[in-house]
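The structure appears right after this line, and notes come after that.
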Amino acid sequence: HHPGGDFLPQVAGAATGAAEAADAAVVALLLPTSGRLAAAGRAVRDGFLAAALDEAPDRRPRIEILDTASVGATAAYARALEMGAGAVAGPLAKEDVAALLASQSFPVPTLALNAVPTGTPPPFLFQFALDPEQEARAVARRIVRDGHVRGVALFPRGAWGERVQAAFAQELGGSGVELTSVQAYDPAGRDYSGPLRAALGRYGGAGD
């Protein structure tokens, strides 16, 4: 009966019942612990568990880990609610976050570990991501703030690199910074001297 409760989002219907039944001492962790993103999922899982174990035993929640790669994000989320989770962390993959957004409301606080465009996010959904496009924009702003006016840029070849390049170029637009060369490199390679020399142009041999 805290007065602040009047300001919390109210979710109608069955979702409200799920929220009321949820045990705040149970946290569901939705991660891909198998499949192509298994390594990333396990890394997040291990960090999450290490942080939980650092808490005093009387404050430590019970953590239920659900594999989104094997059952899908929406099914994993539904299972988390059935298990009485009072909060959910995940999913990790961008497409899984998008699937959750398209399929349901969020009756308990949910921290998605990626971000997708939503306009106004639904109640109880929070998106947290180490987004490379946002990092590219931050780099562009730092370049402008430091007073640089000319430079070169290298991006990984592929769709991911193209998105990063587009975000970087958009942030630089109208700033007066001139990119004299933009080159792509093979992210699986080990020798980047070719694209670097191409980017540096006539200065490309300066390191010889």
Report the gain in length on full extension from ALA138 to ARG150: 0.36 nm times residue separation, minus Cα-Cα distance, nm rounded to one decimal.
2.6 nm
Expressed as a percent, the accessible surface of the chain that is carbon or sulfur, using a 1.4 Å probe and the full set of protein chains, is 56 percent
Nearest-ten-degree value, helix 73-82 long axis tilted from longest Cα axis of the chain
30 degrees
Let me spell out the model: positive unit charges on the Cβ of Lys and Arg, negative unit charges on the Cβ of Asp and Glu, origin at the Cα centre of the chain. What dipole size does that give, in debye rounded to 20?
640 debye
How tilted is helix 159-172 with respect to the longest principal axis of the chain? Cα atoms for both, answer in degrees (0 to 90, nearest 10).
70 degrees
Total charge of the residues flanking ALA43 in space, meaning their Cβ is under 15 Å from its Cβ, with Lys and Arg +1 and Asp and Glu -1, is +1
Suppose the chain between LYS94 and SER34 were pulled fully straight at 0.36 nm per residue; how much longer would it get relative to their current alpha carbon spacing?
20.0 nm
Calculate, for ARG197 and ALA43, the FRET efficiency according to 1/(1 + (r/R0)^6) with r their C-beta to C-beta distance and R0 30 Å; round to the nearest 0.05.
0.30
Largest first, please: the extent of the C-alpha atoms of the stretch 62-176 along each principal axis, to the nearest Å.
56, 28, 26
Angle between the Cα long axis of helix 94-103 and the longest principal axis of the chain, 0 to 90 degrees, nearest 10?
40 degrees
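The values are calculated or read from the model by the stated rules, or taken from the named source; none is laboratory data. This structure is a prediction, so every number in the text was calculated from the model and none was measured. Here the Cβ is made from the backbone with ideal geometry for all residues, glycine too, and neighbour counts use every protein chain on show. The accessibility values were calculated without ligands, DNA or RNA, using every heavy atom of the protein model including side chains. Shrake-Rupley method; radii C 1.70, N 1.55, O 1.52, S 1.80 Å.
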